[in-house]
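K.L.:
Let me begin by handing over the structure; questions about it come next.
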Amino acid sequence: MNSDEVFQQTFEALQQDPGVILFTALQWIPQRSSLKRLFTSHPAEYPVGGEKTVEISPGWLGTVIEKKEPFLAPDLTALREVFADSELIQQLGCGAVINVPVLDQQRNVVGVLALLDAEGKYTQQSVETAVDVVKANLDELVQAFKAHPTEIAEVPEATDPDVPGKDTV
């Protein structure tokens with residue numbers, strides 16, 4: 001199974017429970033403290049290859065990357081504190097997010113799954129359900145993230161129209 005198939009299968013499982021409108025699989029690149037989008041349910045708004053630098057909330061970074069724990073923003077107020085693109089998120093009908101880190105056998109964060117749905121949709125039980133889905137697919141998810149190299153020998157110029165640029169997602 002290739003990476004896209006693994007992410008698609010995980011997306012479909014998460015759609016069943018706890019529910020997802022917008023789903024992205026983000027690879028953690030520690031060398032740049034950034035997240036690179038490898039898969040998305042909304043490629044027009046959130047293109048594959050886009051990166052978000054982790055200039056986002058220190059609370060998010062501390063929870064998901066450093067403590068290696070899931071993050072829950074159950075409403076727009078909490079979401080706005082963390083994500084600069086909260087307006088676009090809201091336009092897509094979302095107002096809550098769960099971020100689940102994906103850990104390899106050495107407990108290194110290799111990626112983060114982002115689940116977004118309507119405001120108030122997610123609870124702590126939703127987080128536990130999402131974590132259970134990740135655990136059930138853990139080996140495949142780790143392989144899917146690790147199939148993409150994290151170090152780039154040369155950073156492409158931002159002026160190249162074929163290279164997705166950095167964004168805030």
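K.L.:
With every protein chain kept in place and ligands, DNA and RNA left out, what is the accessible area per residue of the chain? Probe 1.4 Å, answer in Å². Could the numbers behind the result be given before it?
P.N.:
Details: 8570 Å² over 169 residues.
Averaged over the residues of the chain, the accessible area is 51 Å².
K.L.:
Test of the criteria: in the range 18-60, which GluC sites (Glu not before Pro) are in a DSSP loop and have at most 13 other Cβ atoms within 10 angstrom of their Cβ?
P.N.:
Loop-located and lightly packed - 55.
K.L.:
Could you work out the relative contact order of the chain? I mean the mean sequence separation of Cα pairs under 8 Å and 6+ apart, divided by the number of residues, in percent.
P.N.:
The value is 29 percent.
K.L.:
State whether the range 73-148 is rounded, prolate or oblate according to the following rule on the C-alpha gyration tensor (a ≥ b ≥ c being the square roots of its eigenvalues): a/c under 1.5 gives rounded; otherwise a/b larger than b/c gives prolate, and the remaining case gives oblate.
P.N.:
Because a/c hits 1.5 or more and a/b exceeds b/c, the range 73-148 counts as prolate.
K.L.:
When the distances between all Cα atoms of the range 1-57 are binned every 5 Å from zero, what whole-number percent does each bin get?
P.N.:
4, 19, 23, 24, 19, 9, 2
K.L.:
For a test of the definition: using alpha carbon positions, the gyration tensor, and the 1.5 limit on a/c, classify the chain as rounded, prolate or oblate. Provide the component values of the computation, followed by the final result.
P.N.:
Details: a/c = 1.43, a/b = 1.17, b/c = 1.23.
It is rounded, given that a/c, with a ≥ b ≥ c, falls under 1.5.
K.L.:
For residue 128 and residue 68, what does the FRET efficiency come to when R0 = 22 Å and r is the distance between their Cβ atoms, rounded to the nearest 0.05? Working shown, then result.
P.N.:
Values: r = 16 Å, r/R0 = 0.71.
Step by step, r from the Cβ atoms, then E = 0.90.
K.L.:
Could you identify which residue out of 88, 115, 141 has the top mean-square fluctuation in a GNM of the chain using Cα springs shorter than 10 Å?
P.N.:
Highest fluctuation of the listed residues: 88.
K.L.:
Here's another thing I want to ask about it. May I ask you to list, by number, the DSSP H helices of the chain whose Cα span along the axis is at least 15 Å and whose average Kyte-Doolittle hydropathy reaches -0.5 or more?
P.N.:
Span-like helices here: 124-136.
K.L.:
If R₀ is 30 angstrom, what is the calculated FRET efficiency for the pair residue 118 and residue 53, using the beta carbon separation as r and rounding to 0.05?
P.N.:
Calculated value: 0.65.
K.L.:
Same structure, new question: Given a 1.4 angstrom probe, I'd like the percentage of the accessible area of the chain that is carbon and sulfur, rounded to a whole number.
P.N.:
49
K.L.:
Run lengths n ≥ 4 of DSSP H only: what is the helix-derived mean residue ellipticity at 222 nm for the chain, with -39500 (n - 2.57) per run over all residues, to the nearest 500?
P.N.:
Rounded to the nearest 500, the figure is -8500 deg cm²/dmol.
The values are calculated or read from the model by the stated rules, or taken from the named source; none is laboratory data. The shown structure was predicted, so the numbers you read here are calculated from the model rather than taken from an experiment. With ideal geometry, Cβ positions are generated from the backbone for all residues, glycine too; neighbour counts draw on all protein chains shown. Areas reflect the complete protein model, heavy atoms only, side chains present, ligands, DNA and RNA absent. Shrake-Rupley method; radii C 1.70, N 1.55, O 1.52, S 1.80 Å.
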